[in-house]
Amino acid sequence: MPVSKQREKVRFASGDTSCAAWHYPGSNGGCVIMAGGTSVTKEPASDLFAARFNDAGFAVLAFDHRRFGESGGVPRQIVRIDEQIADWHAAIEFAAGLPDVDPDRISVWGFSLAGGHVFHVAADHPRLAGAIAQTPLVDGRAVAPNALRSMTPSALLRLLGLGVADAVGGLVGRPPILIPTAGPRGAVASLTTPDAMDADRALDPERRHTNWDQTVAARIALQVGRYRPGRHASRIRCPLLVVVCDQDQSVLTAPAVEAAGNAPRSEVIHLPGRHYAPFLESHEQAAEAEIAFLRRQLDRHDSRDSRVPPFPDEQFTR
């Protein structure tokens with residue numbers, strides 16, 4: 001897995017704590033802000049794609065959401081959606097001040113849960129050059145029935161019980177009850193779809209990320225079904241690339257395609273494979289499509305600077 005030798009560790013303030021990030025200096029003024037979903041920290045989430053973006057001239061800011069990885073925030077391993085969205089806002093503000101970054105050439109990239117965040121963040125930041133949502137969770141309500149079918153009845157009851165206990169315990173200051181982020185059918189885990197167990201070979205095939213804690217507070221079982229960031233699609237004003245995998249059994253394909261159709265300037269790329277295919281057998285196709293998309297946004301920025309009329313709104317599906 002390629003990793004740029006030029007990257008440097010940085011931190012930026014977010015809320016009452018700080019987020020840790022890797023900054024890869026770029027050469028073309030563009031910057032891609034990246035983060036992973038659920039408990040996936042910045043290295044397994046971004047190393048593979050960040051190196052490709054950086055080789056193409058883009059600066060990269062790959063960060064850990066607060067309460068995960070090397071970022072601050074306690075208690076640990078708790079997903080709080082509002083906090084994570086605030087972390088993205090803080091990352092954009094920080095990236096805009098980097099010496100190698102043009103504030104008008106910042107794009108955002110996320111996958112899975114963070115791919116859903118991309119919809120919300122892009123809607124809040126019309127100045128973004130572009131947004132890439134890779135196998136995004138855009139509608140928790142739509143994917144919940146499929147996730148439930150992948151669980152045994154006993155595992156589901158235990159998960160819900162732990163979720164309630166964790167949520168109630170959090171109200172009185174108890175430590176979070178942690179569960180595995182992914183597991184096989186029958187396990188008590190956040191996700192037990194058939195492709196959930198592809199994460200290790202997709203994100204850490206060489207077992208380099210020994211500090212990656214693949215657990216999450218059990219209360220997430222009560223949250224994800226209510227998270228529907230695709231509803232923000234109609235407010236997105238920047239170009240949006242949505243990468244879906246046609247055999248995805250974790251976030252499904254149809255909800256992301258439907259959400260993309262509601263964004264004024266969207267493009268959908270269909271890849272073969274399951275949820276983690278962009279990190280595995282479909283990586284070259286995914287990386288090439290995403291780099292081409294990012295380069296188009298730089299070209300459009302240059303065209304605007306040259307007083308060429310802006311491109312009209314557009315939607316593509318491939």
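The values are calculated or read from the model by the stated rules, or taken from the named source; none is laboratory data. A quick note: this is a predicted structure, and the numbers were derived from the prediction, not measured. As a convention, Cβ positions derive from the backbone with ideal geometry for all residues, glycine included, and neighbour counts pool all protein chains shown. The area values use the complete protein model at the heavy-atom level, side chains included, leaving out ligands, DNA and RNA. Shrake-Rupley method; radii C 1.70, N 1.55, O 1.52, S 1.80 Å.
Mind telling me which of the residues Ala90, Ala45, Ala50, Ala21 ends up being among the small types (Gly, Ala, Ser), in contact (Cβ under 8 Å) with a residue 40 or more places away in the chain and not in a helix (DSSP H, G or I)? Steps first, please.
Numbers: Ala90 fails: not in a helix (DSSP H, G or I); Ala45 fails: not in a helix (DSSP H, G or I); Ala50 fails: not in a helix (DSSP H, G or I).
Going through Ala90, Ala45, Ala50, Ala21 in turn, just one is among the small types (Gly, Ala, Ser), in contact (Cβ under 8 Å) with a residue 40 or more places away in the chain and not in a helix (DSSP H, G or I): Ala21.
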Applying the selection to the range 124-145, what residues are open to solvent by 10 Å² or more (accessible area, probe 1.4 Å) and either touching a strand residue (DSSP E or B) at 6+ places or on another chain (Cβ under 9 Å) or under 12 Å from Gly36 (Cα atoms) (or both)? His125, Arg127, Leu128, Ala129, Leu137
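Only one residue in Leu48, Leu61 is more than 19 Å from Ala217 (Cα to Cα), at pLDDT 95 or above and surrounded by fewer than 24 Cβ atoms within 10 Å (Cβ to Cβ), so which one is that?
Working: Leu61 fails: surrounded by fewer than 24 Cβ atoms within 10 Å (Cβ to Cβ).
Residue meeting the stated conditions: Leu48.
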Residue among Glu258, Glu284, Glu290 that alone is of a type in the set (Asp, Glu), outside any loop (DSSP other than H, G, I, E, B) and closer than 16 Å to Val138 by Cα: Glu258
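Going through the range 18-36 one residue at a time, which ones are open to solvent by less than 20 Å² (accessible area, probe 1.4 Å) and under 17 Å from Glu70 (Cβ atoms)? Spell out the reasoning first.
From the range 18-36, those open to solvent by less than 20 Å² (accessible area, probe 1.4 Å) are 19-21, 23-24, 29-36; that's our starting set.
Result: Cys19, Ala20, Ala21, His23, Tyr24, Ile33, Met34, Ala35, Gly36.
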What is the residue count in the range 254-268 for residues that are open to solvent by 10 Å² or more (accessible area, probe 1.4 Å) and among the β-branched types (Val, Ile, Thr)? 1
Go through the range 94-114 and report how many residues are more than 14 Å from Pro229 (Cα to Cα), part of a helix (DSSP H, G or I) and touching a residue at least 12 places away in the same chain (Cβ under 8 Å). 5
Looking across the range 3-17 at residues that are in contact with a helix residue (DSSP H, G or I) (Cβ under 9 Å, 6 or more places away or on another chain) and polar (S, T, N, Q), the single one that is surrounded by the fewest Cβ atoms within 10 Å (Cβ to Cβ) is Gln6
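Return the residues of the range 70-83 that are in contact (Cβ under 8 Å) with a residue 40 or more places away in the chain and either open to solvent by 10 Å² or more (accessible area, probe 1.4 Å) or in contact with a helix residue (DSSP H, G or I) (Cβ under 6 Å, 6 or more places away or on another chain) (or both); say none if nothing qualifies.
Taking the range 70-83 first, the residues in contact (Cβ under 8 Å) with a residue 40 or more places away in the chain are 70-73, 75-79, 81, 83.
Matches in the range 70-83: Glu70, Gly72, Gly73, Pro75, Arg76, Gln77, Val79, Ile81, Glu83.
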Residues of the range 269-306 satisfying the condition of being buried (at least 23 other Cβ atoms within 10 Å of the Cβ) and acidic (Asp, Glu): Glu290
Exclusive hit being on the phi > 0 side of the Ramachandran plot and in contact (Cβ under 8 Å) with a residue 40 or more places away in the chain, set Gly29, Gly36: Gly29
List every residue pair whose Cβ atoms sit under 8 Å apart, with the two residues 6 or more apart in sequence or on different chains, where the first one lies in the range 253-265 and is under 18 Å from His117 (Cβ atoms) and the second, anywhere, is open to solvent by 20 Å² or more (accessible area, probe 1.4 Å) and small (Gly, Ala, Ser). Pro255/Ala142; Asn262/Ser234; Ala263/Ser234
Residue list for the range 221-245, filter: open to solvent by 10 Å² or more (accessible area, probe 1.4 Å) and among the aliphatic types (A, V, I, L, M): Ala221, Leu222, Val224
The range 118-212: helices (runs of 4 or more DSSP H) wholly inside it with 1 or more residues that are modelled with pLDDT of 95 or more and touching a Phe, Trp or Tyr at 6+ places or on another chain (Cβ under 8 Å) are 140-149, 199-203
